[in-house]
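Colleague: Dropping a structure here in structure tokens format, bear with me for questions.
None of the figures in this text is laboratory data; all of them are computed from the coordinates on show. Bear in mind that the values here come from a model prediction, so they are computed numbers and not experimental data. Quick reminder, even Gly has a Cβ in these numbers, built from the backbone with ideal geometry, and neighbours come from all protein chains shown.
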Amino acid sequence: MNALIVNLNLAVDKTALVPGFERGRVFRLGGTITLPGGKGVNVARALRSLGLEVPVAGFTSGCNGRWIDAAMKKEGFRTFIENHNAGESRVCYTVVDAHGRATDLNEEGPEVPAAAQARFLKNFSRLAGQFRVAAVCGRMSAGLKKGFYATLVRLAAARGCFTMFDTSGPVLAEALSAGAEGIKINRAEFEELSGAAYTPARLAAFFKKHSPKGLKTLIVTDGAGHTHAASLFGLWRVTPPRLGVLKSPTGAGDSFMAGFLFGFLHGYDFERTLRLATGAAASDCLSLGAGLINRAVALSYAQKARVVKLG
């Protein structure tokens, strides 16, 4: 038993290195990296590099969707994808300059028909009991009915499947209210969720408020700054290792999630799990393209991460 990655809004991801990128100019892109993507696919790709194969579930549509399906199979991923024809699956563009600064241009994607939503939930209900964790990652698909994320939580809980979320906005609040057990988000997403400026103390207070409802882990990353994690084991601060060269930060949070899931599924203690997650995120920053990590590099950086228990 391992993890099911739920990436509802699957995408065609395109990443290009443009050393002299600036606004208002025309650029001819060579060597563009084109991959099936979305945050969950990035997580699955990073988990594979760490040594764990996980399936991916989500929605695709149109010609872009057929390409995503074929590309996922070509990469060897097991998938549980609901196809529909209500438009074209989205395309997401990342332009990286010579300093490693990334500019992301992400399409929203089409609305998912009600029939496709019903089929997905029926299949998820069947699948949830086969996995220890369901990790729901990425932006919601347009048109999802209110309560869709709460239903995911409840179906998983009924089958003993731990739920971990890396999403944002009202659907994250919906999942939290329904009893989501784990949340991994960034600073801006925490501020949106909590309605207050981020501080470690506010993270701890937010966790304390919601843990009686089922929340067991809350992790907030802050780019190159400290990560803080609240769990039933206490409050932790993680200082990421310094990187000599930054190629692109896009996908680092997804690789963090991959490292966390790997540690969780292999029974690592919380400190070791946070170290691995941080090492995986660091490795991702050294590559062009999201979720592309090197296991040896990730393990090396994991040893350099500083993890301190605050309480």
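Colleague: Per residue, how big is the convex hull of the stretch 3-309 when only Cα atoms are used? Give it in Å³.
Modeller: About 129 Å³ per residue, rounded to a whole number.
Colleague: If you put +1 on each Lys and Arg Cβ and -1 on each Asp and Glu Cβ, how big is the dipole of the stretch 3-309 around its Cα centre, in Debye rounded to 20?
Modeller: For this selection, approximately 600 debye.
Colleague: Rg and Dmax of the stretch 72-112 over Cα atoms: what are they, in angstrom?
Modeller: 14.6, 40
Colleague: Oh, and also: Would you work out which of A290, A142, L17 lies farthest towards the positive end of the dipole of the chain? Charges go on Cβ: Lys and Arg +1, Asp and Glu -1.
Modeller: Going by the charge dipole, the pick is A290.
Colleague: For the stretch 220-296, state which trypsin sites (Lys or Arg not before Pro) are in a DSSP loop and have at most 15 other beta carbons lying within 10 Å of their beta carbon.
Modeller: Here the sparse-neighbourhood loop sites are R242.
Colleague: Please state the shape class of the stretch 47-146: rounded when a/c is under 1.5, otherwise prolate if a/b exceeds b/c and oblate if not, all from the C-alpha gyration tensor.
Modeller: oblate
Colleague: When M140, M164 are ordered from fewest to most other Cβ atoms inside 10 Å of their Cβ, what list results?
Modeller: With the sparsest Cβ surroundings first, the list reads M140, M164.
Colleague: Also, quick follow-up: Taking every DSSP beta bridge that has both residues in the chain, what percent is antiparallel when rounded to the nearest 5?
Modeller: Taking every DSSP beta bridge within the chain, about 40 percent pair in antiparallel fashion.
Colleague: In addition: Take every DSSP beta bridge with both residues inside the stretch 1-140 and express the antiparallel ones as a percent of the total, to the nearest 5.
Modeller: Antiparallel bridges: around 35 percent, rounded to the nearest 5.
Colleague: With unit charges on the beta carbon (Lys/Arg positive, Asp/Glu negative), name the residue among A180, S231, N7 whose Cα is farthest towards the positive pole of the charge dipole of the chain.
Modeller: The residue sitting farthest along the positive end of the dipole is S231.
Colleague: Arrange C63, C137, C92, C161 by Cβ neighbour counts within 10 Å, fewest through most, would you? Don't jump to the answer; show the numbers that get you there.
Modeller: Working: C63 10, C137 27, C92 20, C161 23.
The order, fewest Cβ neighbours first, is C63, C92, C161, C137.
Colleague: Using alpha carbons only, how many angstrom separate the centre of the stretch 226-245 from the centre of the stretch 72-129?
Modeller: Taking the Cα centre of each part, the stretch 226-245 and the stretch 72-129 sit 29 Å apart.
Colleague: Test of understanding: ordering L299, L261, L8 by Cβ neighbours within 10 Å, fewest first, what list do you get?
Modeller: L299, L8, L261
Colleague: If you don't mind, there's one more thing I want to ask. How high is the relative contact order of the chain, in percent, counting Cα pairs under 8 Å that sit 6 or more residues apart?
Modeller: Relative CO of the chain lands at 17 percent.
Colleague: Rank I81, L127, A116 by how far each Cα sits towards the positive end of the charge dipole of the stretch 45-186 (+1 on Lys, Arg Cβ; -1 on Asp, Glu Cβ) and give me just the farthest.
Modeller: L127
Colleague: Rounding to the nearest 20 debye, state how big the charge dipole of the stretch 141-193 is about its Cα centre with +1 on each Lys and Arg Cβ and -1 on each Asp and Glu Cβ.
Modeller: 260
Colleague: Determine, for each peptide in 215-225, 102-112, the mean count of other beta carbons within 10 angstrom over its residues, then list the peptides with the highest first.
Modeller: 215-225, 102-112
Colleague: Moving on. Straight-line reach only, C-alpha to C-alpha below 16 angstrom: list the aspartates and glutamates that K74 could link to, leaving out same-chain residues fewer than 8 apart.
Modeller: Within reach: D13, E53.
Colleague: Looking at the stretch 20-117, which chymotrypsin sites (Phe, Trp or Tyr not before Pro) are in a loop (DSSP not H, G, I, E or B) and have at most 15 other Cβ atoms within 10 Å?
Modeller: Answer by residue number: F27.
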